[in-house]
Amino acid sequence: MNITIVNFKGGVGKSMIAHQLITGFEFRGCEIDPYGSLSDRLPERVERIDIQQKHIPRPEGEMIFDFGGFDDIKLDQAISYSDLIIIPFIPTLETIQGTVDTLVRVASANKPILMVPNMSQKENDIQDAKFVFEETLGFEIEMFPIPMSVALQTAINENRSILELAKQGGIKAYAYKKSSKLMDDLHSKIREYEHE
């Protein structure tokens, strides 16, 4: 299964989701983000694609395309290889417009889209965003919220899978278990889109 993670808006959690899927679920990564650090953090598992490159390689095995905040032909290539498009966003007015632009851009590919409201705190904000997205596109969109989590940020800082941190035992592990279950649930949700 191949997945494109994209939003033209920066700082919405694209690389965090990509990192956790790669470290926790054996995906490989393809980083198409001039400002990204995923390939530096995981050099054995993530290939960086230079912004000047015209083509991305056909994936072997299961691939996450972590697409940064720009738009070019490589986005079309990544989507054409993908079974699912994940669009993370922060459910605030400031990020919704950039997210709408991304949605409109990728919707024409007719691939399943999973919206991931990241660092979400209020259910109303998620519902408001869902309404805007569905009004814009004219069809329903599935949401998978990821609440604000210090545990996930710790996993990124330590360059480890949250699943691994949850298994280490002790008082810390308790704090990681909730986020670990969340990543497990996200992975299960993603698998529902396999070869749709």
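The values are calculated or read from the model by the stated rules, or taken from the named source; none is laboratory data. All values reported here derive from a predicted model rather than from experimental measurement. Cβ: placed from backbone, ideal geometry, glycine included. Neighbour counts: every protein chain shown. We work out accessible area using only protein heavy atoms, side chains counted, and drop any ligands, DNA or RNA first. Shrake-Rupley method; radii C 1.70, N 1.55, O 1.52, S 1.80 Å.
Yes/no per residue for (1) within 24 Å of GLU62 (Cα to Cα); (2) in contact (Cβ under 8 Å) with a residue 24 or more places away in the chain; (3) not β-branched (Val, Ile, Thr):
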| residue | (1), (2), (3) |
| --- | --- |
| SER108 | yes, no, yes |
| PRO145 | yes, yes, yes |
| TYR176 | no, yes, yes |
| GLU194 | yes, yes, yes |
Strands (runs of 3 or more DSSP E) wholly inside segment 5-98 containing at least 2 residues that are touching an Asp or Glu at 6+ places or on another chain (Cβ under 6 Å): 28-32, 46-48
Hey, GLU26 of a type in the set (Asp, Glu) and touching a residue at least 40 places away in the same chain (Cβ under 8 Å) or not: no
So the check is Cβ under 7 Å with 6+ separation or different chains; which pairs have a first residue in segment 34-53 that's of a type in the set (Gly, Ala, Ser) and a second one that's open to solvent by less than 20 Å² (accessible area, probe 1.4 Å)? GLY36/ASP66; GLY36/GLY68; SER39/GLU31; SER39/VAL46
SER108 being polar (S, T, N, Q) and closer than 26 Å to GLY69 by Cβ: yes
Could you tell me which residue of segment 56-94 is farthest from PHE131 (Cα to Cα), considering only residues that are free of Cβ contacts under 8 Å to residues at least 60 places away in the same chain and either in contact with a His (Cβ under 7 Å, 6 or more places away or on another chain) or surrounded by 23 or more Cβ atoms within 10 Å (Cβ to Cβ) (or both)? GLN77
